[in-house]
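Please read the structure below before turning to the comments.
The values are calculated or read from the model by the stated rules, or taken from the named source; none is laboratory data. Only a predicted model underlies this, so the values are computations on that prediction, with no experimental measurement involved. Neighbour counts run over all protein chains shown; Cβ positions are idealised from the backbone, glycine included. Heavy atoms of the whole protein, side chains included, go into the accessibility calculation; ligands, DNA and RNA do not. Shrake-Rupley method; radii C 1.70, N 1.55, O 1.52, S 1.80 Å.
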Amino acid sequence: RKVALSSAGRDFLGSASTLLRHVRAADSAADDVRNRATGVVRVGAPLVLASTALPMAMRDYQKLKPKVVVRVRDVPVDHLVDRVADGDVDLAIGPDRHSGDAVTATPLFDSAWVLWCAPGHPLARLRRAVRWAELAGVAIVSAGRDHEHNVAQMHQDVPAGTRVTPVDVVDNISTALGISAQGLAVTLAPAYVGVLAKPFGLIMRRVVQPESMRKVCLYAPASRALSPAAEGFAEFLGTWIKRILIGAAILAVL
């Protein structure tokens, strides 16, 4: 009518209970991996995205997957693709770059190239878009060789007399914005940098004839599989960017 452990059974019970706890923990960990609920994801991004959009995405993803740790790596635009190809980061988000065969690039959003200037600058008085011809002779500071190259590409078809060349090239967009805020120059950058430009008190003006767009992409390795955690964050980021940033007009910046 009843059973009881023998002395040998009592001696074995402690070890058996410990073993079962480890088995249950391993099974739970396996479920987390299968469900992309645990792991570390390293994401590279240039300054603006690394300090604004990416932390916001990390906060929202942590609510969904609290065991997934996302680490941000500051990466210059020119090195984004190389860092993914070399395995230094799992994913990268940044402006469109030639990715080659080792890295895939998935477009996330487009952002117009615009002009940022101080409120007292003559171009700030214009209530319409600025034409490239109106920038001839205007002091322009560019943020990085990548920006300088894109500025050159944007108006390569206009007459030589109306082409603009930056008077200075600095490493960081925050430096270019600071110089522009003092009225010493203007800077050309994608509209999404407005999250940094607005606190400087800068005015945004569209640049047209031609108007150019900057494509921002998500970069992932093509030759190796992502971890479940990285794969889950990549899928989340693709939908989150469109729903939160574009929906809230952060990328359009008014």
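Some points to look at:
- For Met154: the one exception among (1) at pLDDT 85 or above; (2) in contact with a Pro (Cβ under 7 Å, 6 or more places away or on another chain); (3) of a type outside the set (Val, Ile, Thr): (1)
- Residue in the stretch 49-62 that is open to solvent by less than 50 Å² (accessible area, probe 1.4 Å) and assigned to a strand (DSSP E or B) present: no
- Condition check for Val43 on (1) part of a helix (DSSP H, G or I); (2) modelled with pLDDT of 95 or more: one failure, at (1).
- Scanning the stretch 66-96 for residues that are loosely packed, with under 14 Cβ neighbours inside 10 Å and closer than 15 Å to Pro221 by Cα returns Asp86, Gly87.
- Long-range neighbours under 6 Å by Cβ, at least six apart or interchain, first residue at pLDDT 75 or above within the stretch 230-252, second among the charged types (D, E, K, R) and not in a helix (DSSP H, G or I): Ala230/Asp90; Gly232/Arg36
- Whichever residue in the stretch 97-108 is buried (at least 17 other Cβ atoms within 10 Å of the Cβ) and of a type outside the set (Gly, Ala, Ser) and, among such residues, is nearest to Ile241 (Cα to Cα): Leu108
- Every test in (1) in a loop (DSSP other than H, G, I, E, B); (2) under 23 Å from Val208 (Cα atoms) is passed by Leu123 save one, and that test is (1).
- Count of the stretch 176-231 residues which are over 22 Å from Arg125 (Cβ atoms), outside any helix (DSSP H, G or I) and open to solvent by 30 Å² or more (accessible area, probe 1.4 Å): 9
- Among the residues of the stretch 46-91, those identified as farther than 13 Å from Phe236 by Cα and of a type in the set (Asp, Glu) are Asp74, Asp78, Asp82, Asp86, Asp88, Asp90.
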